[in-house]
Amino acid sequence: MTELVKPILIVVEGKDEINFFEAFLKHLKLEDYEIREVSGKDNFKYQLQTLIATTGFNIVKKLVLIRDADENSENTLISLQNTLKSLELPIPQNEGEYFSQNGLTCGIYVMPKFPEIGMLEDLCLQSITKTKEIECIDKFIECIDNKPSNLAKTKTQIYLSIQNPIVNNLGIGAKKGYWDFEHLCFNKLKQFIEKLKD
């Protein structure tokens with residue numbers, strides 16, 4: 001694993017989240033951070049253990065864990081808290097908060113917005129709920145007899161496929177400006193990220 005070189009370390013599930021947060025943090029003008037992915041929600045503990053052992057972790061002052069709620073936001077929060085506990089790192093008592101100890105501050109954020117269930121796709125779709133495109137996508141899905149199991153991912157892919165230029169994932173869509181970062185749905189996440197500037 002490559003050396004850590006920034007005082008803010010943000011840990012996310014995968015490459016799509018890396019692209020999304022690079023765009024989102026650029027929009028918020030956050031500096032001096034780096035983002036690492038754990039290749040799936042079940043790998044936070046193992047990959048975080050690896051990051052702690054990586055050269056340069058001693059310069060990290062703020063560590064942020066961001067994960068999808070999926071089917072249960074409370075269980076996701078508890079899982080991340082237990083990961084921090086097992087590695088003897090500071091443990092925020094609540095989602096969307098930070099806790100400092102021994103020179104390190106840790107924060108946890110569960111998407112789309114705690115205590116809602118879902119994922120990053122749900123959050124991004126909320127930013128386009130009033131658009132003509134999403135109305136058309138909803139009507140299209142109504143016409144399908146065999147409905148997809150993950151509507152959020154399906155709607156996201158359809159939405160991205162009708163953009164110009166077409167992109168095939170949410171994170172690249174964020175970099176192209178296809179999600180409205182000024183929408184109210186992003187306010188809680190913005191407030192959480194803004195605290196990293198303190």
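Odds and ends about this structure:
- Tally of residues being at positive phi and either outside any strand (DSSP E or B) or at pLDDT below 95 (or both) across region 22-78: 5
- Hits in region 117-130 (condition: open to solvent by 40 Å² or more (accessible area, probe 1.4 Å) and farther than 18 Å from N187 by Cβ): I117
- Output for region 153-172, where each listed residue is farther than 16 Å from T131 by Cα, part of a helix (DSSP H, G or I), open to solvent by less than 40 Å² (accessible area, probe 1.4 Å) and not hydroxyl-bearing (S, T, Y): L170, G171
- Every residue from region 99-116 that is surrounded by fewer than 18 Cβ atoms within 10 Å (Cβ to Cβ) and of a type outside the set (G, A, S): F99, Q101, N102, L104, P115, E116
- Qualifying residue in region 55-70 (condition: among the hydrophobic types (A, V, I, L, M, F, W, C) and surrounded by fewer than 17 Cβ atoms within 10 Å (Cβ to Cβ)): yes
- Within region 95-117, residues that are touching a residue at least 40 places away in the same chain (Cβ under 8 Å) reach partners that are open to solvent by less than 70 Å² (accessible area, probe 1.4 Å) and of a type in the set (D, E) with beta carbons closer than 7 Å, at six or more positions or on different chains, in the pairs I108/E95; Y109/E95; V110/E95; M111/D68; P112/D122; F114/E95; I117/D70.
- Flag: K139 does not match the condition of being surrounded by 11 or more Cβ atoms within 10 Å (Cβ to Cβ), on the phi < 0 side of the Ramachandran plot and assigned to a helix (DSSP H, G or I).
- Pairs are defined by a Cβ separation below 8 Å, a sequence spacing of at least 6 or placement on different chains, a first member in region 39-52 that is of a type in the set (S, T, N, Q), and a second member that is at pLDDT below 95; the pairs so defined are T50/M1.
The values are calculated or read from the model by the stated rules, or taken from the named source; none is laboratory data. All values reported here derive from a predicted model rather than from experimental measurement. As a convention, Cβ positions derive from the backbone with ideal geometry for all residues, glycine included, and neighbour counts pool all protein chains shown. SASA here: full protein model, heavy atoms, side chains in, ligands and nucleic acids out. Shrake-Rupley method; radii C 1.70, N 1.55, O 1.52, S 1.80 Å.
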